[in-house]
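See below for the structure under consideration.
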Amino acid sequence: MREEQIPVASRASNIEYAIRDVVVPATALEQQGHKILKLNIGDPIAYPGLPTPEHMVDAYAQALKDGRNGYSPSYGLPELRNAIADDERSKGWNASKDDVYVCHGVTEALQIIFAATLSQGDIVLAPGPHYPPYMAYPQGYGAETVEYKLKPNDGWKIDFDDIESKMDENVRLLVIINPNNPCGNVATEEEVDRLLSIAKKWPNCMVIADEIYDGLDFTGQHVSVASRSNEVPVFCLNGVSKVYYAPGWRIGYMAIHDPTGRMKLVRDGIERMLRSRLCASTPAQLGYLAGLTSDRTWMDGYRQKVITQRDLCIERISAIEGLEVQSPGGAFYMFVKLTDEKWSQDDKQFVLDLLHQEHVLVVHGSGFSAQLGKGHFRIVYLPNVDILNEAFDRIERFLINSR
């Protein structure tokens, strides 16, 4: 007799995470003995030449040796919160320790913000394409994510007319990812000001400023969103994963900028949730503290390596018929356009066929937005030059053979 399956909640069954979903068929190929060239995941530690800085690792290890393995305060270690506040102040706004809340990465910060601010019928207005959790999580609270457009033929700049057309009293959170994942665009001071001027018209709208890649701005134009806001409440999100090259430590933070004092109830809700989940990893917090309070000149060499590899990818893509790319101004991603007629309408099949035929793993653009990411794929340009060149050789061969 066939047993009926126990039902799953739709909030879980409807979630897709394209970046990791494509790993499933890649793993199956690896189990068959194939070597996969992986350009899919934004994990700096997955690629050689960009290790977590030694002084941070030493601080983490010393914390373990010193027995600092207990629970920390729920909002984070006071010394880390102070260091984060100092860092945010250096970006141009008056952050204090009490504005900072340490989380299990930016992903947990997002979950807590959504849980504390969203109810049935609310809207999160996020860029399209975007990092998948902005689409996945709000539905769990009865809310909806609506995408505003980035301009694919103009450096993926923000389409402010599209934002204006989609704003209403139901939009509780307006999101800016700066620099952007997956497109790599960097919003200028003028663009940030315009975004804030739109949000200002709607009293219950708060801005999420996802600035996890702010130290990987190659344009010199990046500004802190909070530093530009005199009225609009801003959640600043950042952490140890990308700029400090320690993603597996799972330490991020939200810093709340509340220039007119309207977020007391929201803060109370956030603090209640943080207390209920205990705390983030204590030794990992101490590792991050070492990164924030020590000399950062080591970042220069890392940045130059990333820029060199970005420039190589632009050069290679420009020489391959069937591909186009807008040069990214930050982060370590490229969102490549498929101009070949066969693949421009089915980027996911392109990714799967490329994986199976040439053993190169990238992520389909429609996984970052079903409509606004369609006809693209994302690559991570962190692998060494020889791996990147081999990957582009295989991509070019695949495109030629598939015509």
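If the condition is being closer than 17 Å to GLY239 by Cα and surrounded by fewer than 18 Cβ atoms within 10 Å (Cβ to Cβ), then the stretch 56-65 contributes only VAL57.
Taking the stated definitions as given, is TYR47 outside the structural domain of ILE387 (by TED's automatic domain parsing) and either within 22 Å of the chain's Cα centre (by Cα) or in contact (Cβ under 8 Å) with a residue 40 or more places away in the chain (or both)? Working first, answer last.
Details: outside the structural domain of ILE387 (by TED's automatic domain parsing): no; either within 22 Å of the chain's Cα centre (by Cα) or in contact (Cβ under 8 Å) with a residue 40 or more places away in the chain (or both): yes.
For TYR47, the condition - outside the structural domain of ILE387 (by TED's automatic domain parsing) and either within 22 Å of the chain's Cα centre (by Cα) or in contact (Cβ under 8 Å) with a residue 40 or more places away in the chain (or both) - is not met.
So is THR260 surrounded by fewer than 24 Cβ atoms within 10 Å (Cβ to Cβ), under 27 Å from ILE41 (Cβ atoms) and more than 18 Å from the chain's Cα centre (by Cα) or not? No, not satisfied. Being more than 14 Å from the chain's Cα centre (by Cα), buried (at least 24 other Cβ atoms within 10 Å of the Cβ) and of a type in the set (A, V, I, L, M, F, W, C), is that true of even one residue in the stretch 126-141? No; the residues of the stretch 126-141 include none that is more than 14 Å from the chain's Cα centre (by Cα), buried (at least 24 other Cβ atoms within 10 Å of the Cβ) and of a type in the set (A, V, I, L, M, F, W, C).
Quick one: would you say ASP193 is surrounded by fewer than 19 Cβ atoms within 10 Å (Cβ to Cβ), of a type outside the set (Lys, Arg) and within 23 Å of ASP162 (Cα to Cα)?
So ASP193 passes the test.
I want to confirm something. Restricting to the stretch 320-345 and keeping residues that are without any contact (Cβ under 8 Å) to a residue 40 or more places away in the chain and either touching a helix residue (DSSP H, G or I) at 6+ places or on another chain (Cβ under 9 Å) or assigned to a helix (DSSP H, G or I) (or both), which single residue is surrounded by the most Cβ atoms within 10 Å (Cβ to Cβ)? That would be LEU338.
Just one of ASN94, ASN69, ASN40, ASN82 is touching a strand residue (DSSP E or B) at 6+ places or on another chain (Cβ under 7 Å) and among the polar types (S, T, N, Q); which is it? If you could, list the steps in order and put the result at the bottom.
Values: ASN94 fails: touching a strand residue (DSSP E or B) at 6+ places or on another chain (Cβ under 7 Å); ASN69 fails: touching a strand residue (DSSP E or B) at 6+ places or on another chain (Cβ under 7 Å); ASN82 fails: touching a strand residue (DSSP E or B) at 6+ places or on another chain (Cβ under 7 Å).
Checking each option against the conditions leaves just ASN40.
Contact map, the stretch 51-79: first residue under 22 Å from ILE270 (Cα atoms), second residue aromatic (Phe, Trp, Tyr) and surrounded by 15 or more Cβ atoms within 10 Å (Cβ to Cβ), Cβ cut-off under 9 Å, separation 6 or more or different chains; pairs are SER74/TYR101; TYR75/TYR101; GLY76/TYR101; GLY76/TYR253. The condition (being more than 24 Å from SER241 (Cβ to Cβ) and of a type in the set (Val, Ile, Thr)) is satisfied by just one residue among ILE113, ILE123, ILE84: ILE123.
In the stretch 124-159, the qualifying residues are those that are hydroxyl-bearing (Ser, Thr, Tyr) and either in contact (Cβ under 8 Å) with a residue 40 or more places away in the chain or in a strand (DSSP E or B) (or both), and the one that is nearest to PRO182 (Cα to Cα) is TYR131.
Across the stretch 370-380, which residue is nearest to PHE398 (Cα to Cα) among those that are surrounded by fewer than 24 Cβ atoms within 10 Å (Cβ to Cβ) and of a type outside the set (D, E, K, R)? For the stretch 370-380, the residue satisfying everything is GLY375.
Any idea which of ARG310, ARG296 is free of Cβ contacts under 8 Å to residues at least 40 places away in the same chain and touching a Gly at 6+ places or on another chain (Cβ under 9 Å)? Spell out how you get there, then give the answer.
Details: ARG310 fails: free of Cβ contacts under 8 Å to residues at least 40 places away in the same chain.
Sole residue among the options that is free of Cβ contacts under 8 Å to residues at least 40 places away in the same chain and touching a Gly at 6+ places or on another chain (Cβ under 9 Å): ARG296.
The C-beta contact set for the stretch 186-202 (first residue closer than 16 Å to GLN221 by Cβ, second residue crowded, with 18+ Cβ neighbours inside 10 Å and of a type in the set (Asp, Glu), distance under 9 angstrom, 6+ apart or interchain) comprises VAL186/ASP217.
Do we find that GLU144 is modelled with pLDDT of 95 or more, closer than 30 Å to LYS264 by Cβ and acidic (Asp, Glu) in this structure? So that I can check it myself, show each step before the final result.
Numbers: modelled with pLDDT of 95 or more: no; closer than 30 Å to LYS264 by Cβ: yes; acidic (Asp, Glu): yes.
Against the criterion (modelled with pLDDT of 95 or more, closer than 30 Å to LYS264 by Cβ and acidic (Asp, Glu)), GLU144 does not qualify.
Within the stretch 22-62, the set of residues being more than 28 Å from GLN357 (Cβ to Cβ), of a type in the set (Ser, Thr, Tyr) and part of a helix (DSSP H, G or I) comprises just one member, TYR60.
Report yes if some residue within the stretch 274-296 is among the aromatic types (Phe, Trp, Tyr) and within 30 Å of ASP393 (Cα to Cα); otherwise report no. Checked against the condition, which is being among the aromatic types (Phe, Trp, Tyr) and within 30 Å of ASP393 (Cα to Cα), the stretch 274-296 yields no hits at all.
Looking at the stretch 85-100, which of the residues that are surrounded by 21 or more Cβ atoms within 10 Å (Cβ to Cβ) and touching a Lys or Arg at 6+ places or on another chain (Cβ under 8 Å) is farthest from TYR288 (Cα to Cα)? Once the filter is applied, the top-ranked residue is ALA95.
Considering each of ASP168, ASP162 in turn, give the residue that is out of contact with any helix residue (DSSP H, G or I) (no Cβ under 9 Å at 6 or more places or on another chain), part of a helix (DSSP H, G or I) and either exposed (fewer than 15 other Cβ atoms within 10 Å of the Cβ) or not assigned by TED's automatic domain parsing to the domain that holds VAL362 (or both). Talk me through it step by step, then tell me what you get.
On the way: ASP168 fails: part of a helix (DSSP H, G or I).
The unique qualifying residue is ASP162.
The values are calculated or read from the model by the stated rules, or taken from the named source; none is laboratory data. In this text the structure is predicted, and so the values were computed from the model without any measurement. Quick reminder, even Gly has a Cβ in these numbers, built from the backbone with ideal geometry, and neighbours come from all protein chains shown.
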